[in-house]
Amino acid sequence: MKNTLIANFVMCALLAIISPVLDAQQNNLAYAVAWKQTAAEHAALYHQGFNVAKMQVEAAISKRSDFQKPLAVISDVDETLLLSNSYWGYMVGSGSDFFNDAEWDDWVEEDLFTPSPGSIEFAEFCRLNDVDIFYVTNRDQGESTFDLARRNLQTAGFGSVESDHLIVLRESSNKEIIQQQIMRDFEVVVLLGDNLNDFSRDYYVTDVDERRLLASENRSDFGVKNIIFPNPTDGHWLRAIFGESEPPASNTNREILHSAASRSAWQKAQN
C-alpha cells in the first residue's frame, strides 16, 4: 500500500512537470507563429508584395499626366505594414492558443511593432515620388487608439504620419466606405492588406467556400489592384470558420479548428 501511494505521488509530480511542456508543444498557434518568426519565405512574400506594389505605382507615375487626381495608395496597418511578432511569441510562450483582446491592448501600448520587410522602403519610394499613403486600420484601445496607432507607425520608422492620412475605425471593420471617400479625391493605384476584407466588404461572409469562390472570381485583381500579405494567425478567414474573428479559447473551438484543418484529409485504407 505504501509503495502504491509513493508511486502515485511520483506519477502526479511527473505529470505536473510534463503537462505544461506537452501543452506548449500542442499549442494551436505554434506552427503559424514559428513560421512568422523564422521563415525566410515569410519575409520573401512581403518583399514580393511591396515589389509588385512599387511596379504598379511606377507605372502610374509614368502616366501621371493622364490622371485628373493625385496618386495615392491605401494600406492596412497591422500585419501589413506593422508586424506584431513579439505579441504572438508571448501568446505561445504563455500557453495561449486564441487571440486575447486584453493582452493585445496591453501589448499595443508597449509600442513594440516592427516594420514588415520592404514596407519602409516602399513608403519612402512613395514619399519621394509624391504619392500619398493613407493608413486605414480597425483598432480599439479606447480614446487613445488614434494616438497609439500613429505612434506605432512613427516608432517603426514611417516618419511623421499626417492626421488626415491616418483613419482609425474603432467600431467597424468596414473599410470600403473610407476607401470610396479617398477615391473621390485621389487616384488610388493599389490597396495593401493582409485580409481580403481590407479590399472589399464582399469578403465579409461567414462561409469558407464562399470566400474562396469570391477570391477565385476576383483573381485578376490580385497583384494588380489588390496586394495581399500573409497572415496565418488572425483575420476574417477565422470568422468564416468560427462565425467571429476573435473566437474565445475553448475546447469546442479547438475541435472546430482541428476540423477545419482536416476538411480535406487523406482517407488511408485500413489493412
- When the Karplus curve 6.51 cos²θ - 1.76 cosθ + 1.60 is applied with θ = phi - 60°, which whole-Hz ³J(HN,Hα) does each residue of the range 142-156 get, with x for Gly and Pro? x, 5, 8, 4, 4, 4, 5, 4, 5, 5, 4, 5, 5, 4, 6
- Task: Please order THR114, THR252, THR233 by the number of other Cβ within 10 Å, starting at the fewest.
- Result: THR252, THR114, THR233
- Of VAL131, SER75, ALA53, farthest towards positive along the dipole that unit charges on Lys, Arg, Asp, Glu beta carbons give the chain: ALA53
- Using alpha-carbon coordinates, inclination of helix 119-128 to the longest axis of the chain, degrees: 10
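Stretch HIS165-SER96 to full length: gain in nm at 0.36 nm per residue minus the Cα-Cα span? Working shown, then result.
On the way: separation 69, 0.36 × 69 = 24.84 nm, distance 3.49 nm.
Roughly 21.4 nm would be gained on extension.
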- Note on the structure: With label points set 7 Å from each Cα along the Cα-to-Cβ direction at GLN68 and ASP105, the distance between them in nm comes to 4.5
- To the nearest 20 debye, the chain has a Cα-centred charge dipole, built from +1 on Lys and Arg Cβ and -1 on Asp and Glu Cβ, of 920
- Note on the structure: At R0 = 22 Å the Cβ-Cβ FRET efficiency linking ALA30 and VAL208, nearest 0.05, sits at 0.45
- Query: Residues with amide H under 5 Å of LEU82's amide H, sequence separation 5 or more or different chain, H placed in the peptide plane at 1.01 Å from N; which?
  - Reply: SER116
- Would you mind telling me the antiparallel percentage of the DSSP bridges in the chain, rounded to 5? 10
- Task: Would you mind calculating the gained length between GLU255 and GLU121 on full extension (0.36 nm times residue separation, minus the Cα-Cα distance), in nm to one decimal?
- Result: 44.1 nm
- Message: Please give me the summed charge of the neighbours of ALA260: other residues whose Cβ is under 15 Å from its Cβ, Lys and Arg +1, Asp and Glu -1.
- Response: -2
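The numbers here are math on the coordinates, done by the rules we state, and not lab data. The structure presented is a predicted model; accordingly, all values stated were derived computationally and were not measured. No Cβ is skipped: glycine too gets one built from the backbone with ideal geometry, and neighbour counts run over all protein chains shown.
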